[in-house]
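*Asks:* Supplied in C-alpha cells, the structure appears directly below.
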Amino acid sequence: MFGSLFEEEGEGYSLAPSGGRVVKGEGEPPPPRGRVNLSGIKNQGGTCYLNSLLQTLFFTPEFREELFSLGPKELGCLEDKDKPEAKVRVIPLELQRLFARLLLVDQQSASTTDLTDSFGWNNSEESRQHDVQELNRILFSALEHSLVDTSGSAFIQRLYHGTTVNSILCKECGNISQRQEDFLDLTVCVRGVCGLEGALWDMFVEEEMFEGSNLYRCGQCDQLVTAAKSAKLRKLPPFLTVSLLRFNFDFARCERYKETGRYTFPLTINLRPFCEQTEDEDSEYSYELFSVIIHKGGCYGGHYHVYIKDMDHLGLWEPPEEDTKPKVQKKEVRAYTEPEKDDPLSVLSSIIAQEESRSVLLDQLGQRLMDKIGSSWSKKYRKLHGPIGKFLQNHSDVFVLVNNGTWVALKANPPSPVTQPSSPAHPTPGSSSTPDPVHNNTANHLPELETEPKTAPEPQGSHWFDLNDSTVTSIHERDVEKMYQGKESAYMLFYRKTLLRRPSGALRNPGYQVPPHLLEMAEEENRRLQQRREEFEASNNSVELRLHLAPHYRLENGALKPISIEQKEATNLTFDRCRTVGDLRMIIYQKQDLWEGDMALTVARSLPAGLHLYNTLTDDEVSLYSAGILSGTDLFVWNGREVCGATVQTGAEWEPVLLTVVRPSLGEEEEEGEGGGVGEEGGSGLTKQSRGFAGRVTLGEVREALGEPQESLLCQEKRGGEGGGASGWRVFPPGDMQRTLKELALKDGDALLVLEPQTQDSSVFSVSGDMVTVTTPSDCRWLLVEYRPERRRRGGGEEEEERMRAKVPASGNMLLCEVKQRAIAELQLQEHLAGVACCLRQVDRTGKLLPPVCEELNVRDAGVRLMTSLSLCPGTAPKDTQLFLYFSVGTAPSSGLEGEIIVERSSTVKQCLMKMLESARLEGDGWHLRRLDWCEEVGEALMDEEASLSELKMSHGDALVITEGRLPPKGFLKLSVWLYVEPSSVVSMETEVNGMAAGSTEGQRLEDMTTVGGAMVELRTVGQVEISEEATLEELKTQVLTLPELQYVCVPTPAFLRVWQLEGQRLTRILRGQQHTLRKLKLCSGVEFCVQQLLREEDLGPKEVLLRVQMGVPGERGYYPPEDLVWDASRDPSPRSLRSALASTYGLSPDSLLLAKHQPHTHTWETFSNWSQQVSKRKKKKKAESLLGAPFHLKDGDIIGVKNLLIDNNRDFSTQQDEQRLREEKEQRRKGGQGVGAEVETNRGVGPEKKMGPIKTRKTEVALSINVGVFR
C-alpha cells in the first residue's frame, strides 16, 4: 500500500547502507544496560518502524503474558524448524525469545535479526523503511495465522478487537438500517481537525444528512427519501489503537505531504459519548494513554521512535538531566562566580583550580564554563577576547597547553601529556559506563536483581521513557504534549482501559510469567556475555611500556640523551594495567638486581631535542589504568632528583625547544659550516647548528649559554622573507631578553641568528632599525640578459638581427642600471649602442615583453627574481616618478595596434591624452580616454580630466584606449536612444523614419527586432542624448523628442511616452516616476533605452506592473492579439488580485479564469494556482502567494495567457509555435548545438514543466509482507 513511503531523501536522518547489517566487531561484547535498566532494539538499517511497534507490544504486559503462555507443545521448537514434517510456529517463538531478552538479558540493545528472518525478509527489506500503521495490521495478521489451532489463536481478537455500527435513519418512515464493522485499530483524520476528540466527534456523533439532490433509497419505503447517517462504537476493546492520517496527497500539486499542524490527544479519554450503549459505569469507557509512536521527518523519509509508559515499573526512572542541571547552575553561579563572571581569566582559573589535577581537557572547558556561568564563551566573551584557544595562548603566564594543545592546566602544576586525570567532582561522559577494570571483575546479575525499590516517592507522571532504537532515556509525562505538531509529531496512539490493573507480583519483576525454558536461556546468555566481557577486558588490559633507565642517559641542552649511540634506548615491558604502580615498581626492582636507593617512575616523552620528563607516579596503590598509563607510554626509571649528577627539571613548562642557531662563518670555517661558501664577492657565509634549550629559560640565558657578549644581537627569521634573493630577520628588543622561550612562542626548528658586534658591518648583513637583511652566497647569482635589436629593412624585405645573450652576475642589492652596463659590456655593444637609449624589460611566459623596469631601483625593490631573463631593448627606461603606459586608438591594445608612452605620475588625464594624441599623430579635441576592463574590452571613460594618474591609481603597464568623441560635462550622461515601433504601425512608421533616413546619415536604419506579447516589434536607433544626471525623467522625454529622427513623432505631453531600459536588445524595465532624477533611477553613461508612443497618458506607480495579456481562442491553440494591462500589486500581489483585475477587464467571473505566464526562453507556460491562498504544508503559518516573488517573478512586459473555462475546456496554454521551437532546439542539441536561449533558463517552470529536467529518482515502492507457514 505505502511501499517505500519513508524512503530516505535528505531529511537529515542517515541509515546504515543497504546490502548488509551493521554489527559490532566479532571480539567485542555488547555493552550492558544503561542506568534506566531497559534494553533497546538495534536498527538493522531501516527497521526503526519495526522497533517502535515491538517495544509497544513488549510494554503491553497483557500481550506479552499471552504470548508467554504458549508453550513448546503448541508452538514447537526452533531446533526442529528445518525438519520437513515438523510444524514449528517460528514467528511467535522468535517473538517470545526477543521479549525474554528485552526482559532479562543484560545488554544495551537486543537484535531482531532472527525475528526478521522468520518474516522471510532479506537484507534489502531490512534496510527499506515502511509505514508502522501498515506493519501493525500485517504483523497481527501474521500472528493470527501462525497461532491457528492453538490456545492463543484468539488472543489478538480478545485484546484489540472492537466493532462499530453504521446506521441510516429514514426520516419518512423511521426505519433504521444498520451495518456492523470490525476493527483492530481506528484510523482518524488529522486534516482540518484540532485533536483526537474532535475527530471522534465527527466520526461517531455528527450525522450526515441525505437531502436535496443526494437522497437515500429506503428499503421499506422503496423510494428516495431524506435520511440521516451516523456511526457509533458498539464494542470497546481492552486496548485501543488509534492511527493518525498525517500523510495525505495534494491532487492540485500531484505530490504527497505531511500534516504537521497541531493535533492534540488526551492522556485519559472517556469514550461514552461515542458509544452505542452508555448504561455502564464511566470506568468501562475510560482509557489511559501508554504509548505514542512518533515520526520525525517528511513524507519521503524520516525516523520512528516511541514514548512508552512503563506499567510494570521495569525500568529505573530518574528525572532527565535538564531538570536538575539548571538548578545547580543557578546556585553555583550565584554563590561562587557572580562577582567575577565578567573576568574570563578568573572564571577559567577557578574552573581549573577546582579539579584535583588542576587540568581540564580543552574540549570540555567550554562545557564547564557553561555549567559555571550559564552562558557559552562565544556569547559572553568572544567579542572582546576572541576565541578561547587564542585567549589561553595570550595568557601563557597563567595557563599551559600540553599534549599538543589538548589539555589546559594552571602554570603551577601542569599534567603529563599522556596522563588523563579524571575528577570525581566532574565525571566525564561515559565514565559511569566504563568503570576501572580493577573493580569490574564481579559477575553481573540479572536485571531483576539490580532493580531495588526506591525509598523516595516518585514524582507524578514518571515511568515514561523514550525508546529510540538502541537508546532508552527517561522523559516526563508532559513531554508527550510536545509531540502535538511539527515535523516530529505523534503518528500512532495506544490506549488501555483504566480497569486493567497489574498484579503486585508483576511490579519491578522482569521474570514475572516468563516460562522456565526462557529463563534458562536468559541466564545462559548472561553467563556467556559475562565471560566474553571478562575475556575482552583481560585482553585489553595489557599495555606495552617502554622503560628508560637513568644510567644510560645524560643531560644535554635541557634534554636527556643516550650516552652511547649503539646502546638500546628503551626496554619493552608488557604489563597488566589493572595492577598497581607498586606492582610495577617491584617488577622493575626484580629485573634490575644492581639498582640501589630510591626508584622513581616518571612519565616521559621523546621530543626533537631529546627525552623529557613530566609527572612522577607517586601513589603505589593506584592502578595503571587510573593513573592514565596507556599502551606505548614511556617511563623513565631514576632516583627522582638527578641524572649523572645533573639536576633534571620536569613538567610541561620545562619542555626543551630545539632551535637552529645561525652564525656568520669565517673564511677558514667555510668547509665545515653547513651554510659556508662565498659572499657577494667571494666573502663569508653562514653556519647552522641545532641546539636544545629548556622552555623556561630566558632569551638572555640562551645568549649566555651560547657564549655571546651582551652587545650581540639575537634575531628571529621573518616569515616569507623580502624577495630579491635575501632573507629578513627581526631583532629581539632588549625587553625580550627577560622572557622565556615559551613566552616568545619559539618552537622546534625555529632559526635564531646571532650577530656579534664585529660582524654587523659585514656586506652580508644590512641592519636597518629592528630588521636585519642577510644576503648569503646562495643569493649572489645571475640574470640572463638578451639583446633584441630592432628589425631593419634590407633589399625590400624585413630582417631581424641575431639575438645575443649574456649571463650577468647579480644580487638583490645591485642596481638595475649596473646590471644593464654589465650586460652591455658582456655583449660588447658599447659601440653599437653609443648614443642610443635602451632599457631592460621582463618577459612573460608567452614571450611578450613587459613594461621596462625602473633602473634607479635595485633588483629586489624592482621585483625582479634572480636566475630569470631580461631583455635589452631600444627605448627609454622610466624613472621612479614616471609611468609606462600602453595605448591604442579606438580598439583594445591586444589587437596589436598599440603604442607606448612614458608620462609623469603627477600628469593629469588631459595631459596624458595630449601626449598620446601627439604620439599617434592625431589632431583635434574630440577625443577621450577609456580604461580596459578585466577581460580586455573597452570599459568606462576617465571622466575627470583634471585628476592625476596617481589619484586614479594607474600603475606600470596599464592600457588606455583613445576613443573618438568628447566627454560629457561632469555630472552629465550620454545615453543611446531607440524607438519602439508597434506591429500595427510598422507600415506607417517605415515611411516616416525611412524618409528621415534618406535625408540623414546612413546609420539610421532597422537595427533589431524583438518579441513582445507574442508579436514581432522593431527597435530603431535614433541617436544619443547628453543630459544631466540630476534631470528628471520628464525632462529626458522632452529632450528625446528634440532628436531630428523623432521630429515626426507628435505627442501632446511627455506623459504619452513610455521609456524602456534595454539590456542586450531586450526590454527589461519601465522607468517610473516623472519627477524622479536619472540618478535615482540608477542610470549611467552608456545605458540604452527606447521610447514607446502611447495613445493615453501614463504614470506608473512603483508597484504597478505592465503586463501583456492575451485571451485564448476557444477550441484552438492560439490567442487573440495581446493587450496592455496595468495591474496594481501594491496591496495584494496574489493570483486572486490579478484574476480579479482581468475579470473586471473582460467582464467575466474570476472563478472562470485560468491564468499562466509565458516563459519565452523555454517556450513553456507556468500556470497560476486557483487557490486564494497558498498554504504551506510544512508550517502552521499561512502566507499569501506573491506573483512578484518566487517562482513567477512577474515584471514589466511579461506575457499572461488567459483561458475562459466557461467556453474553453482546454487547459493547455502551449501553442504550435512553442512546440515547433522546442523541436528545433532539441534537434540543435542533438546535433551538438544549443538552442536559442536554452542556456539561459532550463526547467524554471512549475507543475508539469518542472519535471522536464533531471530529477532524483526514487526507488520503486514495494509492499510490506510477512511470510507465514500453513498450520491448519
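The values are calculated or read from the model by the stated rules, or taken from the named source; none is laboratory data. Bear in mind that the values here come from a model prediction, so they are computed numbers and not experimental data. Here Cβ is always computed from backbone atoms with ideal geometry, including for glycine, and neighbour counts include all displayed protein chains. When the accessible area is computed, the model is the full protein with side chains, heavy atoms only, and any ligands, DNA or RNA have been set aside. Shrake-Rupley method; radii C 1.70, N 1.55, O 1.52, S 1.80 Å.
*Asks:* Return the FRET efficiency for the residue pair E172, T471: r is the Cβ-Cβ distance, R0 is 60 Å, and the value is rounded to the nearest 0.05.
*Replies:* Calculated transfer efficiency: 0.45.
*Asks:* So how far apart, in nm, are the two label points at K879 and K688 if each is 7 Å from Cα heading toward Cβ?
*Replies:* Computed distance between label sites K879 and K688 equals 4.4 nm.
*Asks:* When all C-alpha to C-alpha distances in region 74-190 are sorted into bins of 10 Å, what percent of pairs does each bin hold, rounded to whole numbers?
*Replies:* So the P(r) values, bin by bin, are 10, 29, 31, 16, 8, 5, 1.
*Asks:* Heavy atoms only, probe 1.4 Å: what % of the accessible area of region 529-660 goes to carbon and sulfur, would you let me know? Spell out each step's value before the answer.
*Replies:* Details: 3080 of 6480 Å².
Result for region 529-660: 48 percent of the exposed heavy-atom area is carbon or sulfur.
*Asks:* Additional query: Can you give me the long-range amide H partners of K718? Hydrogens built in the peptide plane at 1.01 Å from N, cutoff under 5 Å, separation of 5 or more residues or another chain.
*Replies:* It is G728, W729, R730, by chain and number.
*Asks:* Modelled label-to-label distance, E900 and D944, 7 Å Cα→beta-carbon offset: nm?
*Replies:* Distance between label points: 3.1 nm.
*Asks:* Name the residues whose placed amide hydrogens come within less than 5 Å of the amide hydrogen of Q842, ignoring near sequence neighbours (fewer than 5 apart) on the same chain.
*Replies:* L850, V853, S871
*Asks:* Further, regarding this structure: Residues of region 1074-1102 with amide nitrogen under 14 Å from the 7 Å Cα-to-Cβ point of R930?
*Replies:* 1085-1088
*Asks:* Starting from the Cα-Cα distance between E85 and T1145, subtract it from 0.36 nm times their residue separation and give me the gain in nm to one decimal.
*Replies:* Here the segment from E85 to T1145 would lengthen by 373.2 nm.
*Asks:* Something else about it: Which ³J(HN,Hα) values in Hz, rounded to whole numbers, follow from the phi angles of region 956-964 under the Karplus curve 6.51 cos²θ - 1.76 cosθ + 1.60, where θ = phi - 60° and Gly and Pro get x?
*Replies:* Computed from phi, the couplings for region 956-964 are 4, x, 5, 10, 10, 10, 7, 10, 6 Hz.
*Asks:* So, one more: Rounded to the nearest Å, what's the spacing between the alpha carbon centres of region 605-621 and region 1094-1133? Just the number, please.
*Replies:* Cα centres, region 605-621 to region 1094-1133: 85 Å.
*Asks:* Nearest 0.05, what FRET efficiency do A837 and L630 give at R0 = 56 Å with Cβ-Cβ as r? Numbers along the way, then the final one.
*Replies:* Details: r = 76 Å, r/R0 = 1.35.
That gives a FRET efficiency of 0.15.
*Asks:* What percentage of the solvent-accessible surface of region 1025-1093, computed with a 1.4 Å probe over protein heavy atoms, is contributed by carbon and sulfur atoms?
*Replies:* The value for region 1025-1093 is 52 percent carbon and sulfur by accessible area.
*Asks:* Pairs of Cα atoms under 8 Å, at least six residues apart: use those to get the relative contact order of region 818-950, whole percent.
*Replies:* For region 818-950, the relative contact order is 17 percent.
*Asks:* Could you give the length gained on full extension between H395 and Q710, defined as 0.36 nm per residue of separation minus the Cα-Cα distance, in nm?
*Replies:* Values: separation 315, 0.36 × 315 = 113.40 nm, distance 2.90 nm.
Gain on stretching H395 to Q710: 110.5 nm.
*Asks:* Taking 1 over the mean of 1/r across every pair of different Cα atoms in region 522-656, what Kirkwood radius in Å do you get?
*Replies:* 16.4
*Asks:* Based on the Cα atoms of region 163-316, what semi-axes does the equivalent ellipsoid have, where each is the square root of 5 times one gyration tensor eigenvalue, given in whole Å with the largest first?
*Replies:* One finds semi-axes of 34, 24, 11 Å for region 163-316.
*Asks:* According to the square roots a ≥ b ≥ c of the eigenvalues of the Cα gyration tensor, what is the shape class of region 71-122, taking rounded for a/c under 1.5, prolate for a/b larger than b/c otherwise, and oblate for the remainder?
*Replies:* Judged from the Cα gyration tensor, region 71-122 comes out oblate (a/c at least 1.5, b/c at or above a/b).
*Asks:* Ignoring ligands, DNA and RNA, what percent of the accessible area of region 97-208 is carbon or sulfur (1.4 Å)?
*Replies:* It is 43 percent, rounded to a whole number.
*Asks:* Give me, ordered by chain and number, the residues 5 or more places off L1188 or on other chains with an amide H under 5 Å from its own placed amide H.
*Replies:* Under 5 Å from the amide H of L1188: L1194.
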